[in-house]
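**Student:** Take a look at this one; I'll ask things after.
FYI, it's all coordinate maths here, none of it is from the lab. Please read all numbers here as calculations on a predicted model, not as lab measurements. A quick note on method: Cβ atoms are made from the backbone with ideal geometry, for glycine too, and the neighbour counts reach across all protein chains shown.
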Amino acid sequence: MKTRVVLPALAVAVLMSSSSFAQTMVTTRHNFQLATNNVRVAPGSPEDGLCVFCHTPHKGQASLLLWNHRISSSNYTWSDVASAGGRTTGGTSYPTNLRTWTGSTAKCLSCHDGTVSIGSLYWSDATANPNIPMTGPDVNAAGQLTNATYRITDATGADLAGNHPVGVPYPYDRLASTYNGITSGPDVVLSEWVARPTGVKVFGTGGGGAPAAGAAGVECASCHNPHGTPNRYMLRVTTASSQLCLSCHQK
Ligand code: HEC
Ligand code: HEC
Ligand code: HEC
Ligand code: HEC
């Protein structure tokens, strides 16, 4: 009869602790354990938490971010900028090396280009290369993302045409900057940038650490926080009144 009293107390304790360790993530589309999400682990798969789809304490793909999701073999390009010399209006080169770049963009694209199973990991529960079966209306039988809204590339999984530049320098402190081997182009109007953006996240050398004058850049995670935010689409800053864009662009 004692268990009747003890069990509910335990359940409350477990609920409280799990909600405080993953306060924002649990309700996002990045919680693949959530049965109401359109992409989720198939019934009967081992329950190994939220973090394992992206991070592992051991035997990951990379030390930086302890990355645990299989990287795509796509060589990303912005196909339609070739005629403009592969450059932005400011004359900055679009990156051609995103797949091997240490910044987190390739990690987002490892799911969001639709070519790799969401459940294709490096290490989980003492198993090498587990392929966790996924289900839901937005994945195919191979666990790849099929909903074109959430697939950021075109259907080939390699073309980023039409997407905001990522893996490119940010003119931090209104100075030309070098990031991912790319230097701000000659026609970037340096006075039209927020010197030190807040709310959004500008990255430092290699895509980790703090930005500095001359060494700062933009990744997918500049605008999004993959662990969730109070804003829609996990955006770091609301799009209301263009606040997100104006966090960087002084227009
Ligand atoms: C869908 C993929 C994904 C999931 C799931 C995920 N993360 Fe992350 N995490 C990332 C990415 C991408 C970054 C890098 C983002 C950045 O640099 O801002 C990151 C960064 C981090 C960092 C280092 C930077 C920081 O924000 O402190 C920690 C620590 C971290 N995650 C912990 C966790 C934990 C704990 C969980 C589970 C509760 C989790 N993550 C779930 C993708 C994920
Ligand atoms: C492990 C695979 C995985 C990784 C890594 C990953 N995502 Fe996702 N993401 C998903 C899936 C699956 C969905 C849900 C798609 C659906 O519902 O059709 C999603 C949804 C989203 C959404 C939509 C959120 C919403 O509320 O509508 C955004 C934005 C997003 N991801 C951005 C990112 C960014 C940015 C990164 C890297 C920092 C990233 N994701 C890394 C798998 C991933
Ligand atoms: C300059 C800011 C910015 C960057 C950089 C950025 N996003 Fe987004 N993203 C947004 C905004 C704003 C939305 C909401 C668009 C809307 O209202 O439909 C969005 C929406 C999304 C969505 C939801 C589906 C959709 O298309 O509306 C996904 C998934 C996503 N982004 C993934 C990514 C990935 C992956 C990258 C990197 C390759 C990335 N984002 C880079 C600003 C950004
Ligand atoms: C985290 C900072 C940041 C945020 C937030 C941001 N941008 Fe950008 N944006 C950049 C950088 C850096 C470039 C590249 C500038 C260059 O070197 O030419 C850029 C380039 C652009 C370009 C020029 C592309 C070209 O090829 O000429 C446009 C247009 C643009 N952004 C629009 C937006 C819009 C719209 C938003 C809001 C949804 C936004 N940006 C949010 C940093 C940001």
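**Student:** What is the mean projected area of the alpha carbon convex hull for segment 168-246, to one decimal in square nanometres?
**Tutor:** Approximately 5.2 nm², given one-decimal rounding.
**Student:** Does anyone have the angle between helix 2-21 and the longest principal axis of the chain? Alpha-carbon axes, 0 to 90°, nearest 10?
**Tutor:** The helix 2-21 is inclined about 0 degrees to the chain.
**Student:** While we're on this one: Over the Cα atoms of segment 184-230, each weighted equally, I'd like the Debye log10 I(q)/I(0) at q = 0.13, 0.27 Å⁻¹, rounded to two decimals.
**Tutor:** Listed by q, the Debye log ratios stand at -0.34, -1.13.
**Student:** Sticking with this one: When only alpha-carbon atoms are used, what values of Rg and Dmax, in angstrom, describe segment 112-234?
**Tutor:** 17.9, 53
**Student:** Something else now. Averaging the inverse of every distinct alpha carbon separation and then flipping it gives the Kirkwood radius. What is it for segment 95-181, in angstrom units?
**Tutor:** Working: mean 1/r = 0.0675 Å⁻¹.
About 14.8 Å for segment 95-181.
**Student:** Using Cα pairs closer than 8 Å and at least 6 residues apart in sequence, work out the relative contact order for segment 36-98, in percent.
**Tutor:** Value for segment 36-98: 19 percent.
**Student:** Evaluate the relative contact order of segment 86-203 (contact order divided by residue number), counting alpha-carbon pairs under 8 angstrom at least 6 apart; express in whole percent.
**Tutor:** 27 percent
**Student:** Add -39500 (n - 2.57) for each DSSP H run of 4 or more in the chain, then divide by its residues: what number comes out at 222 nm, to the nearest 500 deg cm²/dmol?
**Tutor:** After summing the helix terms and dividing by the residues of the chain, the value is -4000 deg cm²/dmol.
**Student:** Using a Förster radius of 41 Å, what is the FRET efficiency between THR27 and VAL81 based on their Cβ-Cβ separation? Nearest 0.05, please.
**Tutor:** For R0 = 41 Å, the calculated efficiency reads 0.65.
**Student:** For LYS59, give me every one of the aspartates and glutamates with a C-alpha distance below 17 angstrom, ignoring sequence neighbours fewer than eight places off in its own chain.
**Tutor:** Partners found: ASP48, ASP125.
**Student:** Can you check how the C-alpha radius of gyration of the chain compares to 2.2 N^0.38 Å, as a plain ratio?
**Tutor:** This ratio for the chain stands at 1.13.
**Student:** Taking the Cβ of each residue in ASP125, ASP113 as the centre, tally the other Cβ atoms inside 10 Å and list the residues starting with the fewest. Mind dumping the intermediate values first?
**Tutor:** Numbers: ASP125 11, ASP113 26.
With the sparsest Cβ surroundings first, the list reads ASP125, ASP113.
**Student:** Another question, if that's okay. Return the long-range amide H neighbours of TYR76 (sequence gap of 5 or more, or a different chain), with a cut-off of under 5 Å between placed amide H atoms.
**Tutor:** Those lying under 5 Å, H to H, from TYR76 are LEU98, ARG99.
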